[in-house]
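First comes the structure, then the notes that go with it.
The values are calculated or read from the model by the stated rules, or taken from the named source; none is laboratory data. What you see is a predicted model; the values in this text were computed from it and never measured. No Cβ is skipped: glycine too gets one built from the backbone with ideal geometry, and neighbour counts run over all protein chains shown. For accessibility, only protein heavy atoms count, side chains too; no ligands or nucleic acids. Shrake-Rupley method; radii C 1.70, N 1.55, O 1.52, S 1.80 Å.
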Amino acid sequence: MLMTIEFSRRIYQDPLIRNLRLMERQILMQNQMRERQMAMQIAWSREFVKYFGSFFTLASVGLTVGAMKRKKPSLLAPIVPLGFILAFQMDSAYGTLIYRIRGEAESIMESEHDRLDLPQGTPSFESIEKARRARSSLSSFLEK
């Protein structure tokens, strides 16, 4: 029993293991935040579909009645673009749009990785420190 307590105390005191656990927790937290944001976005899309679907239904009925009364079929023209918008929102909220987007993103990451490069490359510790020093020297200069 004493050996187990001593072993676990050593594990928790080891900075490398502690840092690895901290990084793992940060990764899990970031993933949970990403999942929550995506769930909020999907929920927003579903709510939007309810309102836009109601608007589309009323507009379609009104435009159809107006076109029949006035004998002007051109009044039906707005139904086409509104229908495309409704179809896109339905696909976004309930369909497979997210899976197609994810597949396309994975394809881009595999075959077109050069499009993902940042201007001036990935930030390094040196470049961040250089910018920090420049900013701190600028603020101390402005304070004088």
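Under a model in which nothing but the beta-carbon of Lys, Arg (+1) and Asp, Glu (-1) is charged, the range 38-109 shows a dipole of about 540 debye around its Cα centre.
The residues of the chain expose, per residue, 89 Å² of accessible area to a 1.4 Å probe.
For the range 59-141, the C-alpha radius of gyration sits at 2.23 times the compact-globule guess of 2.2 N^0.38 Å, with N the residue count.
For the range 90-129 and the range 17-42, what is the separation of their Cα centres, given in Å? Cα centroid to Cα centroid, the span is 18 Å. Over the chain, the alpha carbon radius of gyration divided by the compact-protein estimate 2.2 N^0.38 Å works out to 1.94. The magnitude of the dipole of the chain, with charges of +1 and -1 set on the Cβ of Lys/Arg and Asp/Glu and taken from the Cα centre, is near 800 debye.
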